[in-house]
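Read through the structure below, which is laid out as structure tokens, and then see the notes.
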Amino acid sequence: MSGEAGRARRLLARPHGWIEATPDGGYALRVGADRRSRVLMAVDEAGFRSLVADPGLSARPGGGWVARRAAGPETGAPAAGRPGLVEGVRTVMDRSGRMQSHRANLAPSPIAWLSGRRDAAGRPWIERAERAAAERLAADAEIALAGPSLTMRWDALPRAGGGSAVRAEPGDRALAAARRVEAALAACGGARRMVEAVCIQASALQAAEQGLGLRRRAGKAVLKAGLRALAAHYRIG
């Protein structure tokens, strides 16, 4: 993919270079003012995430993305910033009930990306209940990993039926979330590692397949089975 990634970066670096999602689940890279310009290169999910990492992407007026390092007044996109982000502003409610706006990475999560894809029959890859279950798991994991004694390694979380694996007792909220996540992952059975990789570690599906030693395209069936079990565990749908 390195040669193709280099070509994609060079095309994005050209004036009017941009990329957009396509109905078949891929991405089309064009150099031109609008969609009348010819598609010069097709990019898959892994290639797109490579571009998110370097040079970084910014939202393009009219749809799609442009290279962050090339963004400027002509595109109306934000000025260059850290690579690996699709930056924007997200408004959330703080603990006091006040709404606060903060800068956030708006790059789609793997589950959000898969939710927008459809199969040959036009059916969504990820059903609404499955996406809701995945987002609930990710939210609990974020709370759990924010505990003062937890790290980004999920195996630092306390396991069901055993003592705490952390050096100091985390806050009650984080510990309760960690227990909920452990119970949810346990409900996924053999799909646990795939659900953990995609929903908690935010791995792309192809990367998760490779990491788990699965053949290409086998991961989707494993993930679907895990998400169905997750939705049943949460009683969603």
**Q.** Ala53-Arg10 pseudo-label distance in nm [points 7 Å out on the Cα-to-Cβ vector]
**A.** 2.1 nm
Q | Mean Cβ count within 10 Å, highest first, over the residues of peptides 191-200, 40-49 | A | 191-200, 40-49
Q: From largest accessible area down, sort Ile143, Ile126; use a 1.4 Å probe on the protein chains.
A: Ile143, Ile126
Q. When the label point is put 7 Å from the Cα of Asp44 along its Cα-to-beta-carbon vector, which residues of the stretch 190-229 have a backbone N closer than 16 Å?
A. 204-221
Q | Length gained when the stretch Arg216-Ala121 is fully extended (0.36 nm per residue, less Cα-Cα span) | A | 32.1 nm
Q. Based on the mean of other beta carbon atoms within 10 Å per residue, what is the order of 178-185, 7-14, most packed first?
A. 178-185, 7-14
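Cβ neighbours within 10 Å, averaged per peptide: list 17-26, 213-222 in order, most packed at the top. Spell out each step's value before the answer.
Values: 17-26: 16.5, 213-222: 14.2.
Averaged packing, sorted descending, gives the order 17-26, 213-222.
The values are calculated or read from the model by the stated rules, or taken from the named source; none is laboratory data. As the structure is a prediction and not an experimental result, all values here were calculated from the model. Cβ atoms come from the backbone with ideal geometry, glycine included; neighbour counts cover every protein chain shown. To get the accessible areas, we keep the full protein, side chains included, count just its heavy atoms, and leave off ligands, DNA and RNA. Shrake-Rupley method; radii C 1.70, N 1.55, O 1.52, S 1.80 Å.
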